[in-house]
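The values are calculated or read from the model by the stated rules, or taken from the named source; none is laboratory data. As the structure is a computational prediction, the values presented were derived from the model and not from experiment. Neighbour counts are summed over all protein chains in view; Cβ atoms, including those assigned to glycine, are modelled from backbone coordinates with ideal geometry. Note: accessible area is taken over every heavy atom of the protein model, side chains too, but ligands, DNA and RNA are not part of it. Shrake-Rupley method; radii C 1.70, N 1.55, O 1.52, S 1.80 Å.
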Amino acid sequence: MTIARNQQVFLDSTPYYHCISRCVRRAFLCGEDVVTGQNFDHRKQWIIDRMLMLSGIFAIDVCAYALMSNHYHLVLRVDVEQINRWSDEEILEQWCKLFSGNTIVQKHRAGDALDSYQQQKLQIMITEYRRRLCDISWYMRSLNESIARQANLEDNCTGRFWEGRFKSQALLDMQAVLTCMAYVDLNPIRAGIAVSPERSDFTSIQARIRLWALQEGETALGRVEVPNSFRPAMLLPFDDNNNDNMALPFTSHGYFELVDWIGRCARPDKRGAIAESAPDILLRLGIEPEFFLKQMRSRHGFHAMMGTVSHLREAAQRCGKRCVRGIGVAKRLFGKESA
């Protein structure tokens with residue numbers, strides 16, 4: 001049975017969410033159609049450009065992304081503190097970057113006087129716009145509708161381009177966020193279309209490595225060539241200075257080391273191989289390395305929520321559920337923290 005979207009977003013429990021959108025039928029988001037020989041890789045840049053634009057409008061940060069042939073993954077963070085800091089005028093300004101607003105909004109922004117009824121309606125709309133600007137459904141709608149229109153125009157067709165709804169999974173703690181980000185960044189390597197993280201085109205790990213290379217000259221993965229056309233995506237940064245409460249609580253070097261380690265173990269010709277020593281970032285978060293590698297290959301076992309046993313049970317209680325899917329996997333994956 002389909003679950004209502006408001007039952008899959010738990011801002012009281014977590015601001016982090018894993019979202020997946022998939023094309024309908026044989027529609028191509030990207031990649032090459034083996035029947036017609038037509039290549040659609042240019043559509044990847046449509047999504048990157050749209051993400052860049054939306055990052056400057058919504059109070060929603062992109063932590064990770066991966067664009068595949070018929071679907072894409074996003075790891076998002078809802079920034080409730082930012083939306084609460086915006087004034088009413090800032091809310092209207094942000095909203096009108098995407099939509100024109102009704103006649104009352106247009107009249108107000110033009111500097112015309114409003115009567116008392118119009119003022120009340122304006123305040124109601126501002127409250128609604130404030131809610132929408134930190135709403136994952138509105139973010140995904142603003143991203144997907146634009147891409148669908150462009151794709152249908154290019155294909156000279158009408159109708160659905162995406163499946164009816166995007167999938168959403170709540171990431172309840174940093175263990176879940178790290179696991180899901182690594183899973184998303186390694187999609188091209190698992191699919192056999194990339195041989196290393198820095199060569200995984202149109203992924204956040206490649207963008208982060210290139211940005212790091214521009215800033216530092218080298219990365220945890222060695223020397224990296226950065227194309228002149230490279231434009232850094234507006235990704236939520238890592239806490240490289242250990243003092244940024246708004247950043248992801250990992251260092252760039254630690255995350256690059258982790259993804260490189262997993263990537264080597266996940267290669268098709270080395271399936272099942274486990275490195276002698278696991279990256280420190282796993283040990284610090286109490287994640288079991290061997291089972292972590294197994295999850296990177298399938299990530300089955302979790303459903304609407306992902307996290308340690310204690311966080312899964314707390315979130316289930318808030319939702320009025322007796323249990324949630326994934327308790328067994330959480331015990332094996334995050335056993336130390338959950339004990």
**Q.** the chain: most fluctuating residue of ASN245, ASN70, ASN84 per GNM, C-alpha cutoff 10 Å
**A.** ASN245
Q. For the chain, what is the accessible area per residue in Å², given a 1.4 Å probe and the full set of protein chains?
A. 50 Å²
Q.
Under 10 Å, Cα contacts only: if you run a Gaussian network model on the chain, which one of LEU76, LEU293, LEU171 comes out with the highest mean-square fluctuation?
A. LEU293
Q. Points 7 angstrom from Cα along the Cβ direction at LYS97 and MET53: gap in nanometres?
A. 1.1 nm
Q. Tell me, what is the FRET efficiency for GLN45 and GLU216 to the nearest 0.05, using R0 = 22 angstrom and their Cβ-Cβ distance as r?
A. 0.30
Q.
Tell me the angle of helix 309-318 to the major Cα principal axis of the chain, expressed in degrees between 0 and 90 and rounded to the nearest ten.
A. 20 degrees
Q: Using semi-axes √(5λ) of the Cα gyration tensor in Å as the read-out, say which of (1) 34, 25, 21; (2) 38, 26, 21; (3) 35, 23, 16 was calculated from these coordinates.
A: (1)
Q. Given the protein chains as shown and a 1.4 Å probe, how many square angstrom of MET51 are accessible, to the nearest 10?
A. 10 Å²
Q | Heavy-atom accessible surface of segment 54-160: percent carbon and sulfur, 1.4 Å | A | 47 percent
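So how do GLU288, GLU81 rank on accessible area, 1.4 Å probe, biggest first, that is with the largest at the start?
GLU81, GLU288
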Q) So if R0 is 45 Å, what FRET efficiency would ASP112 and PHE291 give, r being the distance between their Cβ atoms, rounded to the nearest 0.05? A) 0.10
Q: Please identify, among THR127, THR308, THR103, the residue showing maximal mean-square fluctuation in a Gaussian network model of the chain using a 10 angstrom Cα cutoff.
A: THR103
Q.
Under the rule a/c < 1.5 gives rounded, and otherwise a/b versus b/c splits prolate from oblate, where does segment 107-173 land using the Cα gyration tensor?
A. oblate
Q. Roughly how many Å² of MET174 are accessible to a 1.4 Å probe, to the nearest 10?
A. 40 Å²
Q) Just the accessible area for ASP155, please: 1.4 Å probe, Å², rounded to the nearest 10? A) 60 Å²
Q: Please determine, in degrees from 0 to 90 and to the nearest 10, the orientation of helix 252-266 with respect to the longest principal axis defined by the Cα atoms of the chain, where the helix direction is its Cα long axis.
A: 60 degrees
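Just to make sure I understand: if all protein chains stay in place, what is the order of ARG131, ARG318 by accessible area at 1.4 Å, largest first?
ARG318, ARG131
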Q: Answer rounded, prolate or oblate for segment 68-161, using the Cα gyration tensor with square roots of eigenvalues a ≥ b ≥ c: rounded when a/c is under 1.5, else prolate when a/b is larger than b/c, else oblate.
A: oblate
Q. Angle between the Cα long axis of helix 174-185 and the longest principal axis of the chain, 0 to 90 degrees, nearest 10?
A. 90 degrees
Q: Could you size up the charge dipole of segment 95-251 around its Cα centre, putting +1 on the beta carbon of Lys and Arg and -1 on that of Asp and Glu, and report it in debye to the nearest 20?
A: 600 debye
